[in-house]
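Below is one structure, written out as structure tokens; the observations come after it.
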Amino acid sequence: MSDTATEPLDCNEFVELVTAYLDDALEPADRQRVLDHLDLCDGCSTYLEQVRATIRAVGDLPAPGGLPDKGRERLLAAFRRRP
Amino acid sequence: MQPLPPDEELVRRLRAGDEAAFGLVLDRWSPGMLRLARSFVSTPDSAAECVQDTWLAVLEGLDRFERRSALRTWVYRILVNTAKRRGVREGRSVPWSSVGPQDGPTVDPDRFQSPREPYPGHWRELPAPWPTPEDATLASEVSAVVVAAVAGLPERQRVVLTLRDVQGYAADEVCSILEITPTYQRVLLHRARAFVRGRIEDYHARAVTP
């Protein structure tokens, strides 16, 4: 293992790894560096929590409606006409 | 929501002309398809036409569908191609191959200490925790901020964020729908989330400083 793989993370590096961390896409060594950093850093723990809150907020956006009735009818008619 | 039947059964029923099965996928997938189409084209009507055209193409191609991907992925891929073409025609969308991802940090480098300070690369000032959106007014204001932030994203980032975080699709399905690499998908998602987080942070900062 190279030195860079075991060196502690700085906060400005941590913030760029958040998405890979949440997708569980980090190499085990990098994942460990992220976890070690989180143990020590309140700022980055807050940052991570805010990214999670952001994901929830985006997921809570109001759902759009479905197809207009006329369009839906047209598609069902097209389906019935299939050979 | 009841789970859809497995693909094998679904495809068999669709090919056999089972209208109830078609109604099921039509109603289940169209809202998400409308939302995604809206990321590429300029009006809700235009998005509805994309979805309409996509379903017609699905009906036409159904007998040729080889199940190399999930049915939903295949339908969405047709949608994305339909919506991209229309977006380009409307002068709104740029061909995805023409511009690479932006790079550079997603958090303002001034937020971190410089090499001349005691803790280089560490927060100058820790991010301030956000209030929990327990009251409805705050929640709806944050929601408006999020809507505006998503609308302000570059197209590719908006499309990936919509699929991943609005519709909750897994990374590999999104790569498959958009025909992009896992790394590129993650770069786009990462930048999109960081941007939206930044807008929410700005909103909370404005809310506490009168």
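For this structure, a couple of remarks:
- Residue ID - farthest from B:Arg199 (Cα to Cα), chosen from residues in the range A:20-54 that are free of Cβ contacts under 8 Å to residues at least 12 places away in the same chain and at the interface with chain B (Cβ under 7 Å from one of its Cβ atoms): A:Ala25
- The helices (runs of 4 or more DSSP H) found wholly in chain A and carrying at least 1 residues that are surrounded by 15 or more Cβ atoms within 10 Å (Cβ to Cβ) and modelled with pLDDT of 95 or more occupy A:11-22, A:28-40, A:42-59, A:69-80.
- Considering residues of the range B:150-161 that are assigned to a helix (DSSP H, G or I) and not basic (Lys, Arg) only, the residue farthest from the other protein chains (Cβ to nearest Cβ): B:Glu155
For (1) more than 7 Å from chain A (Cβ to nearest Cβ); (2) in contact with a Leu (Cβ under 7 Å, 6 or more places away or on another chain); (3) closer than 19 Å to B:Leu163 by Cβ, each residue gets a yes or a no:
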position	(1), (2), (3)
B:Arg15	yes, yes, no
B:Glu19	no, yes, no
B:Asp27	no, no, no
B:Ser30	no, yes, yes
B:Ser42	yes, no, no
B:Asp45	yes, no, no
B:Glu49	yes, no, no
B:Asp53	yes, no, no
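- Tally of residues being assigned to a helix (DSSP H, G or I) and surrounded by fewer than 17 Cβ atoms within 10 Å (Cβ to Cβ) across the range B:15-29: 6
- Number of positions in the range B:188-206 that are among the charged types (D, E, K, R), surrounded by fewer than 20 Cβ atoms within 10 Å (Cβ to Cβ) and within 10 Å of another protein chain (Cβ to nearest Cβ): 2
- Residue within the range B:53-72 that is within 16 Å of the chain's Cα centre (by Cα) and either assigned to a helix (DSSP H, G or I) or aromatic (Phe, Trp, Tyr) (or both) present: yes
- Counted residues, the range B:1-32 - those being in contact with a Pro (Cβ under 6 Å, 6 or more places away or on another chain) and touching a residue at least 60 places away in the same chain (Cβ under 8 Å): 0
- Restricting B:Val196, B:Val208, B:Val159 to residues that are over 22 Å from B:Val88 (Cα atoms), of a type outside the set (Gly, Ala, Ser) and under 13 Å from the mean Cα position of the chain (by Cα) narrows the list to B:Val196.
- Subset of the range B:162-187 (residues that are over 10 Å from the mean Cα position of the chain (by Cα), assigned to a helix (DSSP H, G or I) and within 12 Å of chain A (Cβ to nearest Cβ)): B:Ala171, B:Asp172, B:Cys175, B:Pro182, B:Thr183, B:Gln185, B:Arg186, B:Val187
- All positions within the range B:30-48 that are surrounded by 17 or more Cβ atoms within 10 Å (Cβ to Cβ) and either of a type in the set (D, E, K, R) or more than 16 Å from the chain's Cα centre (by Cα) (or both): B:Arg35, B:Arg38, B:Ser46, B:Ala48
- Close Cβ contacts (under 9 Å, 6 or more residues apart or on different chains) running from residues in the range B:58-74 that are assigned by TED's automatic domain parsing to the domain that holds B:Val11 to residues that are among the hydroxyl-bearing types (Ser, Thr, Tyr) and in a helix (DSSP H, G or I) comprise B:Ser69/B:Ser176; B:Ala70/B:Ser176; B:Thr73/B:Ser176.
- The single condition among (1) at pLDDT 90 or above; (2) closer than 21 Å to B:Ile78 by Cα that B:Asp202 does not meet is (2).
- Residue count for the range B:104-149 satisfying the condition of being surrounded by 17 or more Cβ atoms within 10 Å (Cβ to Cβ), at pLDDT below 95 and assigned to a helix (DSSP H, G or I): 1.
The values are calculated or read from the model by the stated rules, or taken from the named source; none is laboratory data. This is a predicted model, so every value here is computed, not measured. In this analysis, Cβ positions are derived from the backbone assuming ideal geometry, glycine residues included, and neighbour counts consider all displayed protein chains.
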